[in-house]
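Q: Quick one: the structure is below, and I'll ask about it shortly.
The values are calculated or read from the model by the stated rules, or taken from the named source; none is laboratory data. Predicted model only: the values in this text are computed from it and were never measured. Counting neighbours? That spans all protein chains shown, and the Cβs are built from the backbone with ideal geometry, glycine included. These accessible areas exclude ligands, DNA and RNA; they are computed on the full protein's heavy atoms, side chains included. Shrake-Rupley method; radii C 1.70, N 1.55, O 1.52, S 1.80 Å.
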Amino acid sequence: MEFPFDVRRILRPDSSGISVVYSREARAPSRELSMIIDNMGSASARAQRLGSIITTSVRFFSLSDNKLYFKVQDNKVLGFLKTGTKNLFYTDEHGRMKEITPLCLLDFYVHEDVQRSGFGKELYEAMLAYERTSPNKIAIDRPSPKLISFMRKHYTLSSYIPQNNNYVIYREYFTVWNI
Ligand code: ACO
């Protein structure tokens, strides 16, 4: 997605084109940063056919521990993902409830023109390295069919017990320390 300003000046990506933005860092975010977040958030909601937008600049900057990861190439933002920690109740196969506080994938979008080109994997790997975690330790908020396929293909994660809160927590969250 292109913007009428220099996105590199705003997002300051590293040499791989990855930029990390903390919600708590920018007390007075620039109009340009808000525009990037709002436009990418709207595009993600459209791509997922959601009734409401999950990622807006106003909501992002009002939540304390969320982070946004962007992939930038030339003057384009190719995609983003958003993480945050949540307190979740998880029900296992015996109906026993546990309380867990995992890092969660809250939103994830790669621009339609470049989907299935490896940019999603690049963003996900950058996030895992930055957070020093592993794919089985991430809870996913309402994954789309494309994301279910993405997790199966790249991380061989596919088995989970459906939860009332619609988060997907793979069985390996409990059975494997790191994969
Ligand atoms: N249909 C089925 N699977 C797909 C599709 C598709 N149209 N697009 C990507 N995938 C999955 C497949 O497993 C694919 O492997 P394949 O091409 O061999 O079948 C794999 O992802 C490709 O990996 P990448 O190229 O690294 O992924 P990509 O850059 O496309 O990013 C993402 C994946 C973020 C899911 C992207 O396709 C996208 O933005 N989709 C639309 C929005 C969306 O569904 N976002 C996730 C919402 S859920 C949430 O945010 C918590």
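Let's see how each residue does on (1) under 19 Å from I37 (Cα atoms); (2) within 13 Å of the ligand (Cβ to nearest atom):
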residue	(1), (2)
G84	yes, yes
E93	no, no
L103	no, yes
D107	yes, yes
A129	no, no
K146	no, yes
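Q: To continue, here is another question. Which residues, counting only those in the stretch 118-164, are under 26 Å from G95 (Cα atoms), of a type outside the set (A, V, I, L, M) and open to solvent by less than 50 Å² (accessible area, probe 1.4 Å)?
A: Result: P135, N136, K137, D141, P143, S144, S159, Q163.
Q: Restricting to the stretch 78-109, and then to whatever is at pLDDT 95 or above and acidic (D, E), can you tell me which residue is farthest from K67 (Cα to Cα)?
A: My answer is E99.
Q: Does the stretch 102-117 hold any residues that are part of a helix (DSSP H, G or I) and either surrounded by 15 or more Cβ atoms within 10 Å (Cβ to Cβ) or of a type in the set (S, T, Y) (or both), and which are they?
A: Once the filter is applied, which keeps residues that are part of a helix (DSSP H, G or I) and either surrounded by 15 or more Cβ atoms within 10 Å (Cβ to Cβ) or of a type in the set (S, T, Y) (or both), the stretch 102-117 yields only V114.
Q: Restricting to the stretch 24-44, and then to whatever is open to solvent by 10 Å² or more (accessible area, probe 1.4 Å) and of a type in the set (G, A, S), can you tell me which residue is modelled with the lowest pLDDT?
A: Within the stretch 24-44, the match that is modelled with the lowest pLDDT is A26.
Q: Which one of the conditions (1) under 26 Å from L33 (Cα atoms); (2) in a strand (DSSP E or B) does E125 fail to meet, given that it meets all the rest?
A: Result: E125 passes all but (2).
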